[in-house]
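A.B. asks: Just passing along the structure, written as structure tokens.
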Amino acid sequence: MNSTDLIVVVVLVALFLLYKYLETIKELIFSNDDAISAVNSSSRDIAHVLTENNKNYLVLFGSQTGTAEDYAKKFAKELTAKFDLNVLCGDLELYDYGSLNELPENVIVSIFMSTYGEGDFPDGAVKFENFISTASESSLENLRFTVFGLGNSTYEFYNGAARKVQKYLQAAGASLLGSIGEGDDATGSTDEDYLTWKELIMGELKNVLSLDEQEQKFKPSFQLEILDTIDSNTSLGEPTKNYLPSALLKGEINGPFSISEPYLGHISNSRELFKSDDRNCIHSEFDISNTNLTYSTGDHLGIWPSNANEKVEQFLVAFNLNPETIFNMRQLDPTIKVPFPLPTTIGAAVRYYMEITGPVSRQFFGHLIQFAPNNDIKEKLTILSNDKNKFQTEITSKFFNIADAILYLSGGIKWETVPWGFLIETIPHLLPRYYSISSSSSLDKDSIHVTSVVENSIEPKSNTNVVGVTTNLLRNIQLAENKMLGSESNPLPVHYDLNGPRDLFRDYKLPIHVRKSTFRLPTNPSAPVIMIGPGTGVAPFRGFVRDRVNLLESDRSIKLGKHLLFYGCRNEDDYLYREEWIQYATILGESFEMNVAFSRVPGTPKIYVQDKLREQSKLIWQLIQDGAFLYVCGDAGRMAKDVHKTLLDIVMKEKGVSEDDAIEVIKMLKTSNRYQEDIW
């Protein structure tokens, strides 16, 4: 081959490669993927990033499920609108903090921190925790900061992560402005807790930084561009850009699968568990064979939902939006990420990316005032946004979503004056919903099971239909998969597009990912186990028991410790997995004992799991002395507290000690990881 032939071959190969990987090259050049940090810097040094982007205020968040991120972004937007500050709002995991004491003069840091598990920091904030917890005295003496925590008061370590932030920073010499704010999800007061804290902090900042307050007007962070055509790079609701046609042509998505890149799991089997005429509970099995997605018994499954047809239509009508409109968004602030895959359509954004059915916040009403259709509605918004009691009576207590609320205020008049960009930037992102996995990773290696009670009720004050986003989607799938959709005795309250964007979810697929948990059986199978889980709180214990069944069937010589399960339900109609428990008991023999409490059987007293615990008081205390592990799963608001109190009573009675001493015993069990909770 002469030199000319060689050149021709090289050129042909180059042209072939250019053609084959054209879309990849275009993506590298023009990518606007929200999974990529939008910070206009190649540095992770926090002071350098701040200076390079000409910012004079820093808002940081540590978020496990996205809630802290939402509040941080709300706060950052209001600082910009109220005081014209240049705010950098970012995830704690994006930066290094060696220069935290060298921020530009007068830069204050506001930290929004969720508490995860037993007072732990979210996964993405662990490096930040390591930095501040080991910082030496006076090493952060130039830092001024504020903190807002998000937690649940039913947990022992309520807002533990936020409190640690305050403790560690102050120990390193940093100065706290105002007082720490604490949102309480247990009482549903997080919004009001935030507003109370925010009003005080805003006043503090105004004085400390000598800020001039200005009329608050919406300042877009993105420039909207209306497009004419849809192509293979246009998102129609795909969970990430890797599921777009242009990306799928390059091959299958092989993971690793996570909250950043979900797996499209096929629901291979689903069935109704209740025998009731007016309540539903769906058992769903996701096939994970031929994939590298793995889980451990006790983990959680994140399911990525979509909004129901009826809710999407209501929202589009309320704001007079055309679902067919195709749009893109360009960042006006390089430090702010795009909220979902772009370009896309209004219809896809409302259905797959926006939390349109959640409760309305008083703060949202405050921001909406500037776009009120007329003066009468503007006055109503002003009153409600400034009076939490009126807001509770008129909006919150009626379980209104955004569309419900604004149409109620306007008497059905469409809100044509609200910019689409405002809705995108103000309404939270539609987040995955998490469920305790009810299968065993040893027995059910190729599938993940979840057990979900369907939320569906009519609010009498407003005649509003309150429905769960994901649970009703799973029920739609269960009926469709079993050829019952449209023939059910109880009409469905809402319906879904089960095929998904470009038929991506056809054959009953949904985006899923596994969230790791510390809810684990003891490694020693001879250790006693006490499981307490009423309702769907029994889900992880089904996985635990299946684990033990698999273990014993693989080796009959294994000696299992006593496994007590305390389960509560209303009556026989909602007795979950009744037939299965009988099979498990046959295999496990005397090592397994089930105690069932029925709370709504006509003509009999209400019995709850805590009543059954008291009946077994002596055995429970004996097992605790023998090294038992206790597990509680279910409702945090009441059940977990009642169970905790009952266990205290049992320790006091059987050990013959005071309440203070019993409290110390329970604390010891929790500290040694022998008392674990998976509550919500």
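A.B. asks: In the stretch 174-190, is there at least one residue being surrounded by fewer than 19 Cβ atoms within 10 Å (Cβ to Cβ), on the phi < 0 side of the Ramachandran plot, out of contact with any helix residue (DSSP H, G or I) (no Cβ under 9 Å at 6 or more places or on another chain) and touching a residue at least 40 places away in the same chain (Cβ under 8 Å)?
C.D. replies: There is no residue in the stretch 174-190 that is surrounded by fewer than 19 Cβ atoms within 10 Å (Cβ to Cβ), on the phi < 0 side of the Ramachandran plot, out of contact with any helix residue (DSSP H, G or I) (no Cβ under 9 Å at 6 or more places or on another chain) and touching a residue at least 40 places away in the same chain (Cβ under 8 Å).
A.B. asks: Moving on to the next point. Can you pull out every residue in the stretch 234-252 that is modelled with pLDDT of 95 or more and outside any helix (DSSP H, G or I)?
C.D. replies: Matches in the stretch 234-252: THR234, SER235, LEU236, GLY237, GLU238, PRO239, THR240, LEU244.
A.B. asks: Restricting attention to the stretch 643-680, which residues are outside any helix (DSSP H, G or I) and over 21 Å from THR115 (Cβ atoms)? Walk me through it before giving the result.
C.D. replies: First, the residues of the stretch 643-680 that are outside any helix (DSSP H, G or I): 656-658, 672-680.
Selection gives GLY656, VAL657, SER658, ARG674.
A.B. asks: Surrounded by 20 or more Cβ atoms within 10 Å (Cβ to Cβ) and either of a type in the set (Lys, Arg) or in contact with a Cys (Cβ under 6 Å, 6 or more places away or on another chain) (or both): is that true of ARG330 in this structure? Before you say what the answer is, go through the steps one by one.
C.D. replies: Numbers: surrounded by 20 or more Cβ atoms within 10 Å (Cβ to Cβ): no; either of a type in the set (Lys, Arg) or in contact with a Cys (Cβ under 6 Å, 6 or more places away or on another chain) (or both): yes.
Criteria not met by ARG330.
Residue-by-condition table, conditions (1) acidic (Asp, Glu); (2) crowded, with 17+ Cβ neighbours inside 10 Å:
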site: LEU431; (1), (2): no, yes
site: ILE437; (1), (2): no, yes
site: SER441; (1), (2): no, yes
site: VAL467; (1), (2): no, yes
site: LEU473; (1), (2): no, yes
site: GLU488; (1), (2): yes, no
site: ASN499; (1), (2): no, no
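A.B. asks: Oh, and also: Given the conditions (1) touching a residue at least 60 places away in the same chain (Cβ under 8 Å); (2) within 18 Å of the chain's Cα centre (by Cα), which single one is not true for ARG144?
C.D. replies: Every listed condition holds for ARG144 apart from (2).
A.B. asks: Which residues, taken from the stretch 389-403, are in a helix (DSSP H, G or I) and either closer than 14 Å to LEU368 by Cβ or without any contact (Cβ under 8 Å) to a residue 24 or more places away in the chain (or both)?
C.D. replies: First pass over the stretch 389-403, keeping only residues in a helix (DSSP H, G or I): 389-394, 396-398, 402-403.
Across the stretch 389-403, the qualifying residues are ASN389, LYS390, PHE391, GLN392, THR393, GLU394, ILE402, ALA403.
A.B. asks: So in the stretch 54-73, with the set limited to residues that are assigned to a loop (DSSP other than H, G, I, E, B) and at pLDDT 90 or above, which one is farthest from GLN363 (Cα to Cα)? Let's see the steps before the verdict.
C.D. replies: Pass one, the stretch 54-73, residues assigned to a loop (DSSP other than H, G, I, E, B): 54-56, 63-66.
Keeping just the survivors that are at pLDDT 90 or above gives 54-56, 63.
Numbers: ASN54: 28, LYS55: 25, ASN56: 24, SER63: 21 Å.
Result: ASN54.
Here's the yes/no breakdown for (1) in contact with a strand residue (DSSP E or B) (Cβ under 8 Å, 6 or more places away or on another chain); (2) among the hydroxyl-bearing types (Ser, Thr, Tyr); (3) surrounded by fewer than 22 Cβ atoms within 10 Å (Cβ to Cβ):
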{"site": "ARG44", "(1), (2), (3)": "yes, no, yes"}
{"site": "VAL49", "(1), (2), (3)": "yes, no, no"}
{"site": "SER63", "(1), (2), (3)": "yes, yes, no"}
{"site": "ALA68", "(1), (2), (3)": "yes, no, no"}
{"site": "LYS82", "(1), (2), (3)": "no, no, yes"}
{"site": "GLY98", "(1), (2), (3)": "yes, no, yes"}
{"site": "ASN101", "(1), (2), (3)": "no, no, yes"}
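A.B. asks: Answer yes if at least one residue in the stretch 109-125 is more than 24 Å from LEU211 (Cα to Cα) and of a type in the set (S, T, N, Q), and no otherwise.
C.D. replies: Restricting attention to the stretch 109-125, the residues satisfying the condition of being more than 24 Å from LEU211 (Cα to Cα) are 113-125.
Retained after the next criterion (residues that are of a type in the set (S, T, N, Q)): 114-115.
Yes, that holds for at least one residue.
A.B. asks: Just checking, does the stretch 371-385 include any residue being touching a residue at least 40 places away in the same chain (Cβ under 8 Å), within 29 Å of the chain's Cα centre (by Cα) and over 18 Å from TYR71 (Cβ atoms)?
C.D. replies: no
A.B. asks: Please go through (1) crowded, with 19+ Cβ neighbours inside 10 Å; (2) on the phi > 0 side of the Ramachandran plot for ALA135 and return the number of the only condition it doesn't satisfy.
C.D. replies: Failed condition: (2).
A.B. asks: Here is a further query. State all residues of the stretch 308-339 that are assigned to a loop (DSSP other than H, G, I, E, B), in contact (Cβ under 8 Å) with a residue 40 or more places away in the chain and farther than 22 Å from PHE371 by Cβ; if no residue qualifies, say none. Outline the logic, then answer.
C.D. replies: Within the stretch 308-339, the first condition is being assigned to a loop (DSSP other than H, G, I, E, B), and the residues that meet it are 308, 319-325, 332-339.
Those left that are additionally in contact (Cβ under 8 Å) with a residue 40 or more places away in the chain: 308, 319-321, 325, 332-339.
Answer for the stretch 308-339, where residues must be assigned to a loop (DSSP other than H, G, I, E, B), in contact (Cβ under 8 Å) with a residue 40 or more places away in the chain and farther than 22 Å from PHE371 by Cβ: ALA308, PRO334, THR335, LYS337, VAL338.
A.B. asks: Condition check: within 18 Å of PRO540 (Cα to Cα) and out of contact with any Lys or Arg (no Cβ under 9 Å at 6 or more places or on another chain). Does ASP635 satisfy that?
C.D. replies: Working: within 18 Å of PRO540 (Cα to Cα): yes; out of contact with any Lys or Arg (no Cβ under 9 Å at 6 or more places or on another chain): yes.
For ASP635, the condition - within 18 Å of PRO540 (Cα to Cα) and out of contact with any Lys or Arg (no Cβ under 9 Å at 6 or more places or on another chain) - is met.
A.B. asks: If you don't mind, there's one more thing I want to ask. Regarding LYS618, is this residue in contact with a Phe, Trp or Tyr (Cβ under 9 Å, 6 or more places away or on another chain) and at pLDDT 95 or above? Break it down into steps so the answer makes sense when it comes.
C.D. replies: Working: in contact with a Phe, Trp or Tyr (Cβ under 9 Å, 6 or more places away or on another chain): no; at pLDDT 95 or above: yes.
Here the answer is no, as LYS618 does not meet what is asked.
A.B. asks: For the stretch 459-492, enumerate the residues that are assigned to a loop (DSSP other than H, G, I, E, B), out of contact with any Ser or Thr (no Cβ under 9 Å at 6 or more places or on another chain) and touching a residue at least 40 places away in the same chain (Cβ under 8 Å).
C.D. replies: First, the residues of the stretch 459-492 that are assigned to a loop (DSSP other than H, G, I, E, B): 460-463, 468, 482-492.
From the residues that got through so far, the ones that are out of contact with any Ser or Thr (no Cβ under 9 Å at 6 or more places or on another chain) too are 460, 463, 483-492.
The answer is SER489, ASN490.
A.B. asks: Still on this structure, I have one more. Only residues that are under 30 Å from ILE512 (Cβ atoms) and surrounded by fewer than 14 Cβ atoms within 10 Å (Cβ to Cβ): list them for the stretch 195-247, please. Step through it out loud before you land on a result.
C.D. replies: As a first pass, look at the stretch 195-247 and keep what is under 30 Å from ILE512 (Cβ atoms): 222, 230-247.
Across the stretch 195-247, the qualifying residues are ASP231, SER232.
A.B. asks: (1) of a type outside the set (Asp, Glu); (2) out of contact with any His (no Cβ under 6 Å at 6 or more places or on another chain); (3) closer than 17 Å to ALA539 by Cβ: which one isn't true of LYS461, the others all being true?
C.D. replies: (3)
A.B. asks: Moving to a separate point now. Can you tell me which residue among GLU272, GLU252, GLU285, GLU225 is closer than 30 Å to LYS483 by Cβ, touching a strand residue (DSSP E or B) at 6+ places or on another chain (Cβ under 6 Å) and acidic (Asp, Glu)?
C.D. replies: Numbers: GLU272 fails: touching a strand residue (DSSP E or B) at 6+ places or on another chain (Cβ under 6 Å); GLU252 fails: touching a strand residue (DSSP E or B) at 6+ places or on another chain (Cβ under 6 Å); GLU225 fails: closer than 30 Å to LYS483 by Cβ.
It is GLU285.
A.B. asks: Name the single residue, out of those in the stretch 521-555 being assigned to a loop (DSSP other than H, G, I, E, B) and touching a strand residue (DSSP E or B) at 6+ places or on another chain (Cβ under 9 Å), that is surrounded by the most Cβ atoms within 10 Å (Cβ to Cβ).
C.D. replies: At the first step, the residues of the stretch 521-555 found to be assigned to a loop (DSSP other than H, G, I, E, B) are 521-528, 533-534, 555.
Going one step further and asking which of them are touching a strand residue (DSSP E or B) at 6+ places or on another chain (Cβ under 9 Å), we end up with 521-522, 527-528, 533-534.
Working: LEU521: 25, PRO522: 15, ALA527: 18, PRO528: 22, GLY533: 27, PRO534: 25.
Checking each candidate, the answer is GLY533.
A.B. asks: Check ILE402, ILE406, ILE437, ILE413 and return the single one that is within 25 Å of ASP678 (Cα to Cα) and in the same structural domain as THR357 (by TED's automatic domain parsing).
C.D. replies: Values: ILE402 fails: within 25 Å of ASP678 (Cα to Cα); ILE406 fails: within 25 Å of ASP678 (Cα to Cα); ILE413 fails: within 25 Å of ASP678 (Cα to Cα).
Result of the check over ILE402, ILE406, ILE437, ILE413: ILE437.
A.B. asks: Which ones in the stretch 433-476 are small (Gly, Ala, Ser) and more than 26 Å from ALA405 (Cα to Cα)?
C.D. replies: At the first step, the residues of the stretch 433-476 found to be small (Gly, Ala, Ser) are 436, 438-442, 447, 452, 457, 462, 468.
Once the filter is applied, which keeps residues that are small (Gly, Ala, Ser) and more than 26 Å from ALA405 (Cα to Cα), the stretch 433-476 yields SER436, SER438, SER439, SER440, SER441, SER442, SER447, SER452.
A.B. asks: Now for a separate question. Taking the condition without any contact (Cβ under 8 Å) to a residue 60 or more places away in the chain and in the same structural domain as GLU416 (by TED's automatic domain parsing), does THR297 pass? Talk me through it step by step, then tell me what you get.
C.D. replies: Details: without any contact (Cβ under 8 Å) to a residue 60 or more places away in the chain: no; in the same structural domain as GLU416 (by TED's automatic domain parsing): yes.
For THR297, the condition - without any contact (Cβ under 8 Å) to a residue 60 or more places away in the chain and in the same structural domain as GLU416 (by TED's automatic domain parsing) - is not met.
A.B. asks: Regarding the stretch 161-168, can at least one residue be identified that is surrounded by fewer than 18 Cβ atoms within 10 Å (Cβ to Cβ), modelled with pLDDT of 95 or more and farther than 20 Å from GLN363 by Cβ? Reasoning before the result, please.
C.D. replies: To start, the set of residues in the stretch 161-168 that are surrounded by fewer than 18 Cβ atoms within 10 Å (Cβ to Cβ) comprises 167.
With the extra rule that they be modelled with pLDDT of 95 or more, the set shrinks to 167.
Checking the rest, the ones that are also farther than 20 Å from GLN363 by Cβ come to 167.
Among the residues of the stretch 161-168, at least one is surrounded by fewer than 18 Cβ atoms within 10 Å (Cβ to Cβ), modelled with pLDDT of 95 or more and farther than 20 Å from GLN363 by Cβ, which makes the answer yes.
A.B. asks: Would you call ALA349 buried (at least 19 other Cβ atoms within 10 Å of the Cβ), in contact (Cβ under 8 Å) with a residue 60 or more places away in the chain and of a type in the set (Gly, Ala, Ser)?
C.D. replies: yes
The values are calculated or read from the model by the stated rules, or taken from the named source; none is laboratory data. If you're wondering where the values come from, they're calculated on a predicted model, not measured in any experiment. Note that each Cβ is placed from the backbone with ideal geometry, even for glycine, and that neighbours are counted across all protein chains shown.
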